[in-house]
1. Which ranges mark the strands (runs of 3 or more DSSP E) fully within segment 169-285 that have 3 or more residues being touching a residue at least 12 places away in the same chain (Cβ under 8 Å) and either surrounded by fewer than 20 Cβ atoms within 10 Å (Cβ to Cβ) or charged (D, E, K, R) (or both)?
2. If you take the residues in segment 119-139 that are outside any helix (DSSP H, G or I) and open to solvent by 50 Å² or more (accessible area, probe 1.4 Å), which one is farthest from Gly313 (Cα to Cα)?
3. Being in contact with a helix residue (DSSP H, G or I) (Cβ under 8 Å, 6 or more places away or on another chain), at negative phi, touching a residue at least 24 places away in the same chain (Cβ under 8 Å) and surrounded by fewer than 18 Cβ atoms within 10 Å (Cβ to Cβ) is the requirement here; does Phe359 meet it?
4. Of the conditions (1) more than 16 Å from Ala75 (Cα to Cα); (2) crowded, with 24+ Cβ neighbours inside 10 Å, Asp163 fails just one. Which one is it?
5. Go through segment 1-118 and tell me which strands (runs of 3 or more DSSP E), entirely inside it, have 2 or more residues that are within 30 Å of Gln342 (Cβ to Cβ) and at pLDDT 85 or above.
6. Would you be able to tell me the number of residues in segment 140-160 that are in contact with a strand residue (DSSP E or B) (Cβ under 7 Å, 6 or more places away or on another chain) and open to solvent by less than 10 Å² (accessible area, probe 1.4 Å)?
7. Do we find that Glu95 is charged (D, E, K, R) and open to solvent by less than 30 Å² (accessible area, probe 1.4 Å) in this structure?
Amino acid sequence: MKAMRWCRLPGLLLAGLALAAGPAQAPAQETAQDPASPATWALEAWSPPFDFRSPTTTITYHPLERASRKWRICASYPHLKDSYWLSVNYGMVEEAKRLGVALRVVEAGGYPNLERQIAQITECARDADVLALGAVSFDGLTEAVLAISEQIPVIAVVNDIADPGISAKAAVSWVTMGEVTGAYLASLHPAGTPPVKVAWFPGPRQSQWAHFVEEGFTEALAGSAVDIVLRKWGDTGREIQLILVEEALEERPDVDYIVGSAVTAGAAVSLLRARGLTGRIRVLADYFTHAVYRGIKREKILAAPTDFPALQGRMGIEMAVRLLEGKLEHPHAGPLIHIVEQGNLGDFSTRLSLAPADFSPTFVVE
């Protein structure tokens, strides 16, 4: 099963695995298009669905032109504390406007807030035709989702979730996100080269996605010259990650890399600059945000994979409408993961990854 998942990596990493390879071609979904009009999306679809270990097919996805009626969509996020979920919010808002549907957004305030999210989705779903759920927990919402699914369909967006009650998933494999990040690092330090030490920050221990990333990252490093000498689990709020990075530098000042979430990477850049360690300790993120983009551009962050969060937001709304209208052909699909680094930054469009700089959290689309 794991070999089947791993075999997808060469194609996913082709765009930016080796620094020496030079600028890479932008991924297929980044072609020049009017973001207000329906465009084709290059996606990965799983079959059988809902199992990220299933075989995948690259598909050209044609979004709907318009919804048949003004459907009411409730969307729930774990939080809006970083620009990753802000970009998901942007994608949902733009797609809701384009398709002509109503959208109401709630957010739980962080991964520890399981009961808050359960209360929010239970209330929000009462006046909705479909629930688009970015879950704070893989299996902690199962009972609530099953109850809601008896009234309206539920689609998982971005974060994976246990299958009961779920009708569709718009997401990528976070095991693969970890694998891509680890494989990139392993390519810089293959077996037989001088060993390097890594402080690794997987994310919130109570969130299953962090364990998925941990699985993929450590798998990809097997046999390389990379040694994880320290792990620090914690919520992806900036203050928490800053404390964790400070602790790591005190405990292991000899590390060569800090690797973790986009928030971890941003906190590390600031702290390394303050301590005069920029350049000696390198930083790698395992997902892509505005801060990571700026860090790569300024050569403060080495690289990061993007799973196109703004596109995933669009997919969550478009697939929800298809679900309601009986037009869903691919119940489990997500964008093709792409490594962003200095060698291809000039060829990379952020439109389907990041919200515009002037976008602010939007909770209602009428």
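1. 226-231
2. Of the residues in segment 119-139, the ones outside any helix (DSSP H, G or I) are 128-139.
In the following step, the residues that additionally are open to solvent by 50 Å² or more (accessible area, probe 1.4 Å) were identified as 138-139.
Details: Phe138: 19, Asp139: 22 Å.
Filtering segment 119-139 for residues that are outside any helix (DSSP H, G or I) and open to solvent by 50 Å² or more (accessible area, probe 1.4 Å), the one farthest from Gly313 (Cα to Cα) comes out as Asp139.
3. The answer is yes for Phe359.
4. (2)
5. 41-46, 56-61
6. Of the residues in that region, 5 qualify.
7. Numbers: charged (D, E, K, R): yes; open to solvent by less than 30 Å² (accessible area, probe 1.4 Å): yes.
So Glu95 fits the description; yes.
The values are calculated or read from the model by the stated rules, or taken from the named source; none is laboratory data. These figures come from a predicted structure and were not determined experimentally. Every residue, glycine as well, gets a Cβ built from its backbone with ideal geometry; the counts of neighbours run over all protein chains shown. Remember, those area values only see protein heavy atoms, side chains included, never the ligands or the DNA or RNA. Shrake-Rupley method; radii C 1.70, N 1.55, O 1.52, S 1.80 Å.
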